[in-house]
1. Which angle between 0 and 90 degrees, to the nearest 10, do you get for helix 67-85 versus the longest principal axis of the chain when only C-alpha atoms count?
2. Can you tell me how much longer the chain between residue 190 and residue 125 gets when fully stretched, taken as 0.36 nm per residue apart minus their C-alpha distance, in nm with one decimal?
3. Please go through segment 4-96 and write out the chymotrypsin sites (Phe, Trp or Tyr not before Pro) that DSSP classes as loop and that have at most 16 other C-beta atoms within 10 Å.
4. How long is the gain from residue 67 to residue 165 if the chain were fully straight, where each residue apart is worth 0.36 nm and the alpha carbon distance is subtracted?
5. Amide H of residue 29 versus every other amide H placed in the peptide plane: which residues, excluding those fewer than 5 positions away on the same chain, fall under 5 Å?
6. Once both axes come from the Cα atoms, what is the angle between helix 165-180 and the longest principal axis of the chain, in degrees from 0 to 90, rounded to 10?
7. Identify which of 101, 134, 113 has the largest mean-square fluctuation in a Gaussian network model of the chain, with springs joining Cα atoms closer than 10 Å.
8. If R0 is 35 Å, what FRET efficiency do you get for residue 180 and residue 36 from their C-beta distance, rounded to 0.05?
Amino acid sequence: MTFDDGPSAWSEPIAEIFATNGGRATFFVIGSLAGERRGVLRRLVAAGHEVGNHTWSHPWLARDCDDDRVREELSRTNAALTRLLGQTPRRFRAPHYDVDARVSAIAAELGLAHTRADITPPDWLPTASAAVIATLVLARARPGAIVGLHDGVPPASSTASSDRQPTVDAVATVVPRLRASGFELVTASELLG
């Protein structure tokens, strides 16, 4: 399972669900928000979760950014996370999954590999309920699938809900049910190598 747009107030409750039920996740964080919650990030890493790069300011990379901007968005976040955590991210997720060969090549120069998501409930919509989010994840779960959810809200977002509690509540339903069904919940790097 993966979570985008944090760190936020919802990151730790999600991590606690994993601590109770077993498993690890990958949290793709926005660099400009990382310093505000450095303690949260350190606790995530200490608990075995992976912290990945979700750019500095959450732009559409392939659509709106030239090469220099892509490089700056990713390298600035890498530098911040390295400084805060003492380790450099190996994985990134483009905001809106807006990645192409050009963006992937620039990321590779920085030692980053893009992480897809196979199951992407619209948990960022204000109308998304915990029940709908959980149902979509559980209905589509299969071995090797990557779930893409959101534990935060991007800066200057005008369309996203400002509340991620429905996601937290859905994770509280999904994680124990997946574990009971025999799924092992691992980080993106563990799954993808």
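1. 60 degrees
2. On the way: separation 65, 0.36 × 65 = 23.40 nm, distance 2.94 nm.
Length gained between residue 190 and residue 125: 20.5 nm.
3. On the way: sites: 10, 18, 27, 28, 56, 60, 92; in loops: 10, 56, 60.
In loop regions of segment 4-96 (DSSP not H, G, I, E or B), the sparsely surrounded chymotrypsin sites (Phe, Trp or Tyr not before Pro) are 60.
4. Values: separation 98, 0.36 × 98 = 35.28 nm, distance 3.59 nm.
Length difference between fully extended and current span is 31.7 nm.
5. 52, 53, 54
6. Approximately 60 degrees, to the nearest 10.
7. 101
8. Working: r = 36 Å, r/R0 = 1.02.
Working from the Cβ atoms, E equals 0.45.
All of the numbers you see were taken from the coordinates with simple rules; none came from a lab. Worth saying up front: this structure is predicted, and the values here are computed from it rather than measured. We place every Cβ from the backbone using ideal geometry, glycine too, and count neighbours over all the protein chains shown.
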